[in-house]
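First comes the structure, then the notes that go with it.
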Amino acid sequence: MAAVINGSMSQRKAVAFYNVPRTTLQDRLRSGSVVKPKLGRKPLLSMDDETKLVDYACNRDELGIGFGTREFLRYAGDLAKKTPSCIQMRHALSEVVEVGEKETRAVNTP
C-alpha cells in the first residue's frame, strides 16, 4: 500500500505483484486502514511478570537449587493469578462507566 500511496507503483502493478484482489487494495486505500496481523493469543503475563519469572529461575539456578517444569509452571500460574484478567478489568471499567453515566444523568436532569 505504501508503494501505491508514494506513487512508486501503480494499483494494477501492486495487485499483480502482491497477488491481492483489486477491490481489496482499493478499499484499503480509500479507508486508509491497514490491518495489522494479530498472531496468537495475547500474553497472560506482563513483561514485568515475565522478567520476575526469569529472574527467579536464574537465581535458583545460580544457587544450585533444582527448578523443574512443574514448579516453574506453578510459579508462573501464581503470578498469573495475581494479575487481574481481561474479564475482571472489563467488568471494573464497565462499573466505573455506569457510575459516571448515572452521575452525569443526575447532574443534567432538572
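The local environment of Val54, defined by Cβ-Cβ distances under 13 Å, has a net charge of -4 under the rule Lys, Arg +1 and Asp, Glu -1. Over all other residues within a Cβ to Cβ distance under 14 Å of Glu71, the charged ones net out to +1, with Lys and Arg as +1 and Asp and Glu as -1.
What does the charge add up to near Thr23, with Lys and Arg as +1, Asp and Glu as -1, over the other residues with Cβ less than 14 Å from its Cβ?
Values: positive: Arg12, Arg22, Arg28, Arg30; negative: Asp27.
Net of charged neighbours comes to +3.
Coordinate-derived values only; no laboratory data. Everything quoted here is computed from the prediction, not taken from an experiment. Positions of Cβ are backbone-derived with ideal geometry, glycine not excepted, and every protein chain shown enters the neighbour counts.
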